[in-house]
Amino acid sequence: MSYSNKENIDDTQILVDQEEVLEFVKQMKMMNKQFILQIKQLIREKEEYKFLIQELHCQLQRKSEQLQQQELIIQECELQLESCRSNYEEQVNRLEIELKLNQMVFQIELSQQKQEIVDLSDKLKSTQQGYSTTVATSFLQTSFNQKQDSLFKDSHTLESVGQTEGDQSIMSHKNKGQRMMLKIMQDPISNLKKQKELIKREITQWQDEFLKKEGRPPSFNDKQSISTKFYQYTILKKQLNDRSTFIQDSTDSKNVGVQCNLMDPQQTLQMQELLKQKTNEIKRLSFQLEDLKGKVKVYCRVRPSNSLDKLKDCEVQFIDEQHILLKQKMFNFDICFNQQSTQKDMYEEIQQSLQAIFHGYNLCIFAYGQTGSGKTYTMFGTKQQPGVIPNLIDEIYQYIKRSNLDCSIIVSSLEIYKENIIDLLNDQQSSQSLELKENANGQVFVQNLTNIKVQNMHELMNLIEFASSRRKQGLTEMNDSSSRSHMCTQLIVETFNKITQQKFISRVNLIDLAGSERCNKSRLKPNQLEEAKFINKSLSALNDVMIALSTKSSFIPYRNSKLTYLMRDSLGGNSKTIMIINISPSFINLDESLSSLQYGQKVKQITNQPIKNVEPVDQLKKLQKVCSQHDESAQLRQQK
Ligand code: ADP
Ligand code: MG
């Protein structure tokens, strides 16, 4: 369509054009309307964005504030941590000083006790002498009376004889008496000397008085007075002789050790009891001292003979509580238990370590010796004669009850058989391997081993019985005795001290080793031969560790066997350790017994460094509290 030629435009055309224009305008209007709506929408959106930006700005500010606060809290925590650390260092230093002081105090007490013993034995000597003097005096009194009687008789006889004869007799007696007196005067015993001088003075006085009174010296008529005086000389001489004999006798008696007969039996008993008490006290103190020094304690126990000991007994001699003699070789242990010793005697010497368990010290008790020497009897015992383990557990629970302690006990039990660890508390075949690992504190533990938290003593005893029955069962299937594996039962005792808010953790290892005998290869079945090979390997690894430790070598070969690696903390480590050497009295086992005693002697030279395992519960709690407070406030802020 064209509008250039106006003359050619007809009406219809115009109409059509108008309609188009109108339509166009209408469309334009609509578009305009839409544009306006869009602009309005955009303005609204712009407002919203503005608001959103503002909101984000606020949030950003809040976040940065929070960040600042968190930084402050972290700083606070760091400060607290630092103070905790220095507190610990202080505590450790204090404990070290305390330990040294304790050692010194014990040394002093020990020397005081020794002095007391010396004093006591001096007292014993003087009492004995005093007593022998009393006995001598009463004896002299009797003989004095007897002599007096006989002298009176003599003097009457003298009276009836003629005067001259009597006179001569008196004079000769008098001269004799004077000679004796001279002799007596030379005697070194001073109180007797005094008596003699007194009597001599009395005689002179009497003679003088007689002369003054009568105007003449004493004559035969006065014989009775003279004979009384003479009688006194004789008695004195007798007294002197008797007394010196008694003194000599009592000294001799003392020397041959029969002084008790001379002493009042009651007094002797009292003295002996006192001496025993003092000796025990000294023993206890020296034990504590050894304990403080971290010495491994070694006890030796010889079991009674039984029907299986076919041949005669070898001659084990108990020299005293600490010394044992076998084949002319002397061995020194902390305590030696003879054949008559009971399970109770044995346990009494273990009991001293009970307290350590509740103060975070690790404890290890292990029995060593050849098969049949009484290791299992000593460690487990029987129902009627319970051994170290049941007695210890019983006392642990008694102690917890008595001291109202907050304690938890976790138990695990394993055996090492042919260098494999077997979990004795898990009777299902587990696919997970049991490996020895070290935890963050460097302590050795068995990964994947069943650990059971026990609720009471009954449960714990049942679990231990179950474990030892599994050990036996497993091995009976293999047609062998129970001593072909090492069994280790571990108790983890966690004690919470409500007053100091500290938690002590103690590991108690109770180990019944496999028999230590060298095996006669010709008598063993193939399986037994293999077992023996593993046992000998692990025990010789144990021997190597002991030698390295006792010679203070810089390298200790703990990793040469699973047994030594497992026992690492107990030998030369941070544990209090007691080794029990079990010995058979039979002559056929003489060589084995000698080698066990030599082992024990080596272990006695090992010094551990027991340390307390304390968890800083109070400090941790404070930190936890600060952290949780911080979390709460952060949440509240976010909600706002
Ligand atoms: P091990 O574990 O060293 O192989 P056991 O503990 O099994 O030896 O002891 C062997 C035998 O000797 C057992 O019958 C045990 O009851 C007995 N026995 C061991 N020591 C004593 C002891 N002190 N008193 C009584 N019997 C004992
Ligand atoms: Mg055994």
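Quick notes on this structure:
- Taking each residue as 0.36 nm, the span from VAL118 to ASP427 lengthens on full extension beyond its C-alpha to C-alpha distance by 105.1 nm.
- Per-q log10 I(q)/I(0), the range 322-362, q = 0.17, 0.21, 0.29, 0.33 Å⁻¹ (Debye; single scatterer per alpha-carbon; no solvent): -0.63, -0.77, -0.97, -1.06
- Extension reserve of the LEU72-LEU56 stretch, reckoned as 0.36 nm per residue once the Cα distance is removed: 3.3 nm
- Förster radius 22 Å - calculated FRET efficiency between GLU348 and ASN306, Cβ distance, rounded to 0.05: 0.35
- Remark: the Cα gyration tensor places the range 13-73 in the prolate category, a/c being 1.5 or greater and a/b exceeding b/c.
- Taking all protein chains as shown and a probe of 1.4 angstrom, GLU202 keeps an accessible surface of around 70 Å².
- Solvent-accessible ranking of PHE51, PHE466, PHE496, PHE333, largest area first, probe 1.4 Å: PHE51, PHE466, PHE496, PHE333
- Förster radius 41 Å - calculated FRET efficiency between SER595 and SER286 (Cβ-Cβ, nearest 0.05): 0.90
- Projected area averaged over orientations for the range 500-614, convex hull of C-alpha atoms, nm²: 9.3 nm²
- Taking all protein chains together, CYS364, CYS58 sort by accessible area into CYS58, CYS364, largest first [probe 1.4 Å].
- Spread over its residues, the convex hull of the C-alpha atoms of the range 306-383 is 134 Å³ per residue.
- Were the residues from GLU89 through LYS46 laid out at 0.36 nm apart, the gain over their Cα-Cα distance would be 9.1 nm.
- Residue order for LYS562, LYS375 - accessible surface, 1.4 angstrom probe, largest first: LYS562, LYS375
The values are calculated or read from the model by the stated rules, or taken from the named source; none is laboratory data. This one's a predicted model, so the numbers in the text were calculated from it and none came from an experiment. Note that each Cβ is placed from the backbone with ideal geometry, even for glycine, and that neighbours are counted across all protein chains shown. SASA here: full protein model, heavy atoms, side chains in, ligands and nucleic acids out. Shrake-Rupley method; radii C 1.70, N 1.55, O 1.52, S 1.80 Å.
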